[in-house]
Amino acid sequence: MTTDTWHNAALALKLLALDPQGLGGAVIRMRASPDRDALLAGFTPALPIRKLPITIPDDQLFGGIDLTATLSSAQLIENKSFFNDPVIAQIPMAERCPPALAAKLAQAADQSLTQGFLLIDEGIEPDERAPDPLADRCAFHLAPEGRNPLVPAGTNSSVPAGTLVKTADAILQLTLLATRFGITSLRAPTLALRTARAHAQLMGRDHLTDTDLEIAATLVYPHRATLIPEDPEDRQSPPPPRESEDCPRGDTQENDAIPDADMLVDAVKSALPPDLLNGLVPAGTTRKSGGAGAGQKRTSNRRGRPLPSRPGRLDGTSRIDLISTLRAAAPWQPLRRQQQPDRRGLLIRPSDIRLKRYAEQSDRLLIFAVDASGSAAMSRLNEAKGAIELLLADAYASRDHVALIAFRGTEAETLLPPTRSLVQTKRRLSALPGGGGTPLASGLQHALLLAQQSKGKGLTPTVILITDGRANIALDGTANRAQAADDATAMATALRASKTAALVIDMSNRPQRALQDLSHALDAPYVALPRADAQRLSGAVTSALDG
Amino acid sequence: MTKTPFPFSAIVGQEDMKQAMILTAVDPGIGGVLVFGDRGTGKSTAVRALAALLPPITAVQGCPINAETHDACPDWANIETKKTHKIPTPVIDLPLGATEDRVVGALDIERALTRGEKAFEPGLLARANRGYLYIDEVNLLEDHIVDLLLDVAQSGENVVEREGLSIRHPARFVLVGSGNPEEGELRPQLLDRFGLSVEVRSPNDVAERIEVIKRRDAFESDFDTFMAHYTKEDAKIRRKILAARKLLPQIETPDDILHDCAELCIALGSDGLRGELTLLRAARALAAYGKKTTLTRQHLKQIAPIALSHRLRRDPLDEAGSTTRVTRTVDAVLA
């Protein structure tokens with residue numbers, strides 16, 4: 001397995017070197033290491049590789065006036081566009097690439113300005129990864145496993161030649177295969193076909209063989225798969241016969257050189273990422289984009305309360321404060337005039353430039369910590385769900401981010417990291433089952449962690465705790481009622497110490513004394529869920545949050 | 001360097017999306033198209049293809065706002081020539097993260113600092129005048145840019161008051177937005193501003209999927225033959241659009257159709273009157289494109305889902321119900 005992934009990675013880079021534009025590029029998910037250097041050293045395309053920093057300003061990306069140089073030399077100097085010369089763009093730390101840059105690069109790729117990307121993804125967490133719009137346009141996703149100082153130099157002669165496949169059949173096979181692995185994007189089969197071609201070319205052939213298809217499928221499909229095809233017995237009937245009826249071409253049936261579909265399926269299966277097999281990416285769900293949930297910076301250069309302007313470079317993302325710039329330049333005029341007597345007008349140097357800054361209110365994040373324990377489920381879990389949905393509608397109107405934590409059984413679980421997608425939130429919420437103990441402390445702990453993380457991203461978190469208050473599972477997962485209550489209070493105190501705003505919603509049938517105490521520990525308003533009146537609760541919560 | 005875009009007529013399936021785009025070309029007053037759906041379903045391909053499909057416009061040479069006559073050119077542009085030329089209908093990309101300055105235009109800092117001149121550097125809204133403004137990932141657009149767009153799309157005029165400039169210029173464009181609903185919602189104000197809204201999905205039909213890949217492959221490996229065929233097909237659509245534009249003013253709207261429109265919108269409880277107006281305009285464009293001179297119920301039926309589904313006073317959490325709701329109500333009201 002380990003050598004396989006290294007072997008595949010090296011092969012993918014070889015193919016990419018042959019047709020960088022057609023294959024779009026590759027995501028290489030590895031931390032900086034000698035292994036990565038060794039892998040990259042094997043990538044020797046005909047085009048030069050140039051680094052594209054994720055902080056690249058627009059005037060360097062698309063070309064434009066170099067204001068700094070223009071001002072100091074007193075003549076118009078333009079930046080060349082990054083895409084001016086055909087280069088392969090290597091993007092270091094692609095997991096931090098902002099969505100705006102990703103969108104611009106994707107646009108450039110669509111217009112064939114680019115010659116392929118090499119996205120170096122150093123992400124660790126699953127949601128730290130190269131932006132989807134770019135990753136989708138790259139044929140390969142390489143994440144070699146384990147250590148392998150001796151990177152295989154790719155493959156040439158050891159591969160069996162295989163039997164000849166017509167292009168039409170190759171398209172048929174690759175498309176069907178993509179469907180069976182639940183890959184909806186139609187870019188995938190196109191990229192797979194080009195990969196197969198590139199492989200044939202690498203082998204010095206001018207026709208496709210089943211080996212090419214197998215390798216293309218292994219390299220392009222596994223990381224895009226969203227479901228695993230069922231066993232051969234079950235799927236004998238559905239896909240294969242239908243394809244020949246639907247397909248207008250008659251020649252597919254006559255040709256018996258189509259590679260064995262099962263062989264292709266097995267090839268892809270063997271290279272599937274482990275997290276898929278563990279069910280971490282359930283069938284049918286799209287992976288969440290990292291972009292939408294990211295918090296906004298508190299210091300903005302566009303809107304909000306004005307702050308004093310600062311010296312800086314005009315990079316196309318900020319606005320110049322003209323008055324301050326002129327004020328900064330004014331005292332130097334006589335001196336500069338002596339140096340450059342032949343120049344007319346104001347003499348402005350790059351160092352005079354002042355940029356506008358504004359303080360922006362950061363976005364609000366509502367963290368819902370929902371009790372889904374047995375006692376809660378018995379009483380009013382569904383009502384609570386209804387109430388949360390109403391709150392979500394409010395969140396939608398005020399463009400808040402939301403996150404969802406559920407606690408039941410022995411510990412809490414973050415069902416949804418901060419997002420603005422209410423469709424996803426609702427889906428997770430409605431799928432939330434009830435039952436088990438009440439690990440209230442664990443729920444609060446998760447909320448605290450999430451609140452701290454989101455503060456780091458510039459969001460302002462508010463924890464909304466919805467529970468019936470009968471904490472009976474301690475932090476270590478044991479069923480010890482006294483310990484559980486102590487732990488819950490301790491976590492509440494920690495949450496309060498972290499200066500996170502909170503709100504306690506009591507969903508029990510009768511208001512709980514313990515919960516009122518908890519809300520004191522949290523320094524949070526306490527709202528009892530009015531019986532069967534989600535609407536009123538939503539109103540109560542809104543006023544508690546705003547007040 | 002830029003490659004010819006994939007031809008519009010060669011896009012397999014996605015009939016709703018293609019039809020919506022064609023209708024905005026027939027009558028730009030419909031107010032744009034929103035295309036929501038998964039990645040790799042041909043959203044951006046269709047928009048870029050649209051540019052090649054649209055009939056060219058006449059514009060004064062060098063005019064930053066593509067004005068048709070010299071009189072219409074703004075003073076600040078200092079256009080000397082009265083010569084006009086044919087240019088392709090502008091389709092301007094508004095990239096995410098574009099600054100306000102780039103969008104509305106700003107003082108030309110470079111000229112101000114180096115030459116001491118107060119000149120206006122027009123932004124994307126100027127370039128999109130009389131054409132299309134395309135926003136990919138429109139749901140990720142920053143709020144202040146959305147506000148700007150709402151203002152301008154409403155008034156058809158871009159007003160710039162900053163850094164000592166006071167400039168206004170016409171900015172009439174058709175908004176085309178695309179996005180992936182999994183990544184965030186669109187504000188209702190902006191949603192409502194789009195005339196039509198379509199959902200695109202990857203085709204489930206295997207034959208259709210195969211055809212997509214085949215054409216894509218032919219486009220790349222057998223470019224000349226492929227283009228020769230589809231350029232002709234594109235030209236056919238362009239001629240139909242031009243014919244429809246001519247026919248549009250002559251379309252009769254019987255009173256009972258107006259009545260149907262109102263009844264439909266009341267039954268659906270759509271906010272404001274924009275729904276009715278769009279429904280009517282889109283239905284008329286559809287009739288014109290189909291070479292009909294009288295509006296019928298069939299036209300309303302066909303257009304109602306894409307003209308109304310995004311305007312329902314809806315539950316923002318509703319996952320996929322609105323199109324179904326429209327279809328059901330249409331069947332009930334126009335039975």
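Points to keep in mind about this one:
- Electrostatic dipole magnitude of region A:364-546 [Cβ: Lys, Arg +1; Asp, Glu -1; Cα centre; debye, to 20]: 380 debye
- The label point for A:ASP517 and the one for B:ASP256, both projected 7 Å from the Cα toward the Cβ, are 7.4 nm apart.
- For region B:8-200, accessible area per residue (1.4 Å probe, heavy atoms of protein chains only), Å²: 34 Å²
- Rounded to the nearest whole Hz, the Karplus-based 3J(HN,Hα) values (6.51 cos²θ - 1.76 cosθ + 1.60, θ = phi - 60°) of region B:238-252 follow the sequence 4, 4, 5, 5, 4, 4, 5, 4, 5, 6, 3, x, 8, 6, 8, with x at glycine and proline.
- Residues in region B:118-151 occluded by at least 20 Å² - accessible area, probe radius 1.4 Å, against chain by itself: B:GLU137, B:LEU140, B:GLU142, B:ASP143, B:HIS144
- When each of B:LYS214/B:LYS301; B:LYS18/B:LYS232; B:LYS18/B:LYS291 is checked by Cα-Cα distance, pairs over 22 Å: B:LYS214/B:LYS301
- Residues in region A:1-32 reached by a label modelled at A:ALA46 [backbone nitrogen below 19 Å; 7 Å Cα→Cβ]: A:12-26
- Accessible carbon and sulfur surface of region B:1-148 relative to its total accessible area, %, 1.4 Å: 47 percent
- Long-range amide H partners of B:ASP93 with built H, under 5 Å: B:TYR134
- Carbon plus sulfur fraction of accessible area for region A:364-546, probe 1.4 Å, in percent: 51 percent
- Exposure of A:TYR358 as accessible area (Å², to 10), given a probe of 1.4 Å and all protein chains: 30 Å²
- Most to least accessible of B:LYS18, A:LYS356, B:LYS240, B:LYS118 (protein chains only, probe 1.4 Å): B:LYS118, B:LYS240, A:LYS356, B:LYS18
- Convex hull volume of region B:250-333 per residue (C-alpha atoms, cubic angstrom): 80 Å³
- Distance from the alpha carbon centroid of region B:35-98 to that of region B:217-281 works out to 20 angstrom.
- Percent antiparallel among DSSP beta bridges (both partners in region A:364-546, rounded to 5): 20 percent
- Lysines whose Cα lies under 20 Å from that of B:LYS118, excluding same-chain neighbours fewer than 8 positions away: A:LYS356
- In this structure, the amide hydrogen of A:GLN90, modeled 1.01 Å from its nitrogen in the peptide plane, lies closer than 5 angstrom to those of A:ARG50, A:LYS51, A:LEU52, A:LEU118, counting only residues at least 5 positions away or on a different chain.
- Here the Karplus curve 6.51 cos²θ - 1.76 cosθ + 1.60, taken at θ = phi - 60°, turns the phi angles of region A:365-374 into couplings of 10, 9, 9, 8, 10, 10, 7, 10, 6, x Hz, with x standing for Gly and Pro.
- Only protein heavy atoms count here, probed at 1.4 Å, and on that basis chains B and A bury about 5900 Å² of accessible area in total.
- Modelled spin-label separation between A:GLU78 and B:THR327, with each label point placed 7 Å from Cα along the Cα-to-Cβ direction: 5.2 nm.
- Anchor A:LYS80: lysines whose Cα lies under 16 Å away (excluding residues fewer than 8 positions away in-chain): A:LYS51
- Derived scalar couplings ³J(HN,Hα) [region B:49-59; Karplus, 6.51 cos²θ - 1.76 cosθ + 1.60; whole Hz; x for Gly, Pro]: 5, 4, 4, 6, 7, 5, x, x, 10, 8, 9
- Region B:250-333, accessible surface, carbon-and-sulfur percent (1.4 angstrom probe): 52 percent
- Averaged over residues, the count of other Cβ atoms within 10 Å places the peptides A:428-434, B:283-289 in the sequence B:283-289, A:428-434, highest first.
The values are calculated or read from the model by the stated rules, or taken from the named source; none is laboratory data. Since this is a predicted model, take the numbers as computed values, not measurements. Cβ atoms come from the backbone with ideal geometry, glycine included; neighbour counts cover every protein chain shown. Protein only, heavy atoms only, side chains kept; ligands, DNA and RNA dropped before computing areas. Shrake-Rupley method; radii C 1.70, N 1.55, O 1.52, S 1.80 Å.
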